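Down below is the structure, laid out as structure tokens.
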Amino acid sequence: MDIPTDRLLIMVIVATGFAVLIGGWAGGLVHAEATGLEELGLRVGLGVVFFAILLGVWYQFSRVDEDSS
């Protein structure tokens, strides 16, 4: 994982997969069930979970780089 383009490509794939899962499936449930401020809060929560997962994957890549050095 030393080559930044490899890491970037994998992150694009991971981001797309989780965006479909969280944004599509869970966002659809939020839209169908919640209204007003509750809906906004749930959508913000979904966004936070999405970015936390991406940061976790990036952190794991960094650990792999450190271990291989």
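The values are calculated or read from the model by the stated rules, or taken from the named source; none is laboratory data. What you see is a predicted model, and the numbers here were worked out from it, not measured in a lab. Counting neighbours? That spans all protein chains shown, and the Cβs are built from the backbone with ideal geometry, glycine included. Areas reflect the complete protein model, heavy atoms only, side chains present, ligands, DNA and RNA absent. Shrake-Rupley method; radii C 1.70, N 1.55, O 1.52, S 1.80 Å.
Whenever you get a sec, compute what percent of the accessible area on the chain sits on carbon and sulfur atoms (1.4 Å probe). Present the calculation step by step, with values, prior to reporting the outcome.
On the way: 3640 of 5040 Å².
Solvent-exposed carbon and sulfur of the chain make up 72 percent of the total.
Around H31, what is the net charge, scoring Lys/Arg as +1 and Asp/Glu as -1 over all other residues with Cβ under 11 Å from its Cβ?
-1
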Once the whole set of protein chains is in place, how much accessible area is left on E66, using a 1.4 Å probe, in Å² to the nearest 10?
-> 130
Folded to 0 to 90 degrees: helix 4-18 orientation relative to the chain principal axis, Cα | 20
